[in-house]
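Okay, so here's the structure we're looking at.
Derivation of every value follows stated rules applied to the coordinates shown; laboratory data play no part. Remember, it's a predicted structure, so these values are computed and weren't measured experimentally. Here the Cβ positions follow ideal geometry from the backbone for every residue, glycine too, while neighbour counts run over all protein chains shown.
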4 protein chains.
Amino acid sequence: MPLNKSKIYTYHLTARGYELDSYGHVNNAVYLNYTEQARWELFRELGLLDRLIADSNKVVIVENHVKYIRQVKLFDELTVETQLEKSAHFLLFHHHLLNVKTGKTVAKVTAKSVFLDKQNKPCDIPALLLEFLIQE
Amino acid sequence: MPLNKSKIYTYHLTARGYELDSYGHVNNAVYLNYTEQARWELFRELGLLDRLIADSNKVVIVENHVKYIRQVKLFDELTVETQLEKSAHFLLFHHHLLNVKTGKTVAKVTAKSVFLDKQNKPCDIPALLLEFLIQE
Amino acid sequence: MPLNKSKIYTYHLTARGYELDSYGHVNNAVYLNYTEQARWELFRELGLLDRLIADSNKVVIVENHVKYIRQVKLFDELTVETQLEKSAHFLLFHHHLLNVKTGKTVAKVTAKSVFLDKQNKPCDIPALLLEFLIQE
Amino acid sequence: MPLNKSKIYTYHLTARGYELDSYGHVNNAVYLNYTEQARWELFRELGLLDRLIADSNKVVIVENHVKYIRQVKLFDELTVETQLEKSAHFLLFHHHLLNVKTGKTVAKVTAKSVFLDKQNKPCDIPALLLEFLIQE
């Protein structure tokens, strides 16, 4: 049975002062900034960034599901663990945000994405990405 | 049977230039900015803003579920329709984002929130808010 | 003597909740968001937006000078008054941010910009813009 | 003659995807996010963060002067060098943003700040900060 999942990729960041809102914790929308950057880093790590740009492929988010579990404060160090999953022609990003110091889960984000071709039409997941999804 | 739902509140906005990302459309995280502001406007419209602050009540988002249906471009005018729903001690915000010109749905966002008291402990939905939830 | 200045254009906005930082007032960087949007609105009002895009002209900020005079709070209504000035091949935007309710100045921002052509090379201010700069 | 200047402090960052605007480079307002975070990091490095918070001291920016010299692209690594200077009761932050790979200057930002006490009234620069300003 195909698992269609990648290994887990890791991105580190430190919460910044201007990301706090009037409640003194990182604003709810900023978690989506963190996960977006985790995806850019992942594409770079896979060596896909230039090739996606060369092919005029875009990755567009069609769904974000965020569960906020613990608040994040100034200077909290976070790890964003990201696992890819193929689901039909969608690429899912399973993000797990952890507080490095406490080891505790801060948030879970599932982002569902679709690839667009040069004409901005939905297309299949590029073959060069599929090789990173383990078939068992 | 109690419906526990409010009427629908409306907030208007125009997409701004700095909200676009390198794809030339409004970035996925910005939709959460829009819905957050719709909630602030709603609390103001209900006359609750000062009283929540006076009671040191905070509204914290514990879950956001965003479905992106159509992209938003510079100067697109949007309406955010918001309906409240009580679900146990959670307050749900059902946001429906529409493009004013086309009348088409741009996104749907469900935000699940919990109220915190002065000690930042979860508490019941304030009574002054419950009166806006229709009991049938 | 040529004044090289335009008339004053006006853009209205209301400060949003997510624009506040942990000090409970609008963050210093957000003022640049406000002035950027005032410029987009101005270009639209002048009917230049589509033509600039059609000509692949970009307007790039090379300098921003912000004087913060009064803090801005949630729901404060602001007016951004903007006057254009030609200075050599630079286009200056003189922004004056006012609190609508109090009539008091909130900030003054001078943005110095340069136009880029299709090859991203600096070019003269487009002729279609010059007609809005009063020659006396 | 007193120099009233500190040594140079350094903060590193990598430009993120969501910080790009529709021109494909880091938006002009984001440079102020970078310099704000450089200041938070600096206060932490000096061991002042907790003491400023304990004393209810706030640092408020009253002026920002930004010169944009080179554009910043996705994944560009930047160094923000920051030097403090005392000028009457103002604290100046001289920020120099450099592209790590090219060694070239990306921007120069001078932020003029004033300290506020518990009552949000302007006050002198806290004594615990003055010791980091070299008197010659």
Using the structure shown, decide if C:LEU74 is farther than 21 Å from B:LYS73 by Cβ, away from chain D (no Cβ under 14 Å) and in contact with a Gly (Cβ under 8 Å, 6 or more places away or on another chain).
yes
Hey, any hits in the range C:78-101 for a residue that's small (Gly, Ala, Ser), surrounded by fewer than 19 Cβ atoms within 10 Å (Cβ to Cβ) and under 16 Å from the mean Cα position of the chain (by Cα)?
yes
Just to be sure I understand, how many residues within the range C:22-70 are free of Cβ contacts under 8 Å to residues at least 40 places away in the same chain and more than 11 Å from chain D (Cβ to nearest Cβ)?
8
Mind counting the residues in the range A:92-136 that are touching a residue at least 12 places away in the same chain (Cβ under 8 Å), of a type outside the set (Lys, Arg) and under 20 Å from B:ARG70 (Cβ atoms)?
9
Suppose the filter is among the acidic types (Asp, Glu) and more than 30 Å from A:LEU49 (Cβ to Cβ); does B:ASP55 pass it?
yes
Name every residue in the range A:77-93 that is within 19 Å of A:LYS121 (Cα to Cα) and either polar (S, T, N, Q) or within 14 Å of chain B (Cβ to nearest Cβ) (or both), in order of residue number.
A:SER87, A:PHE90
Restricting to the range B:21-77, count the residues that are crowded, with 17+ Cβ neighbours inside 10 Å and of a type in the set (Val, Ile, Thr).
7
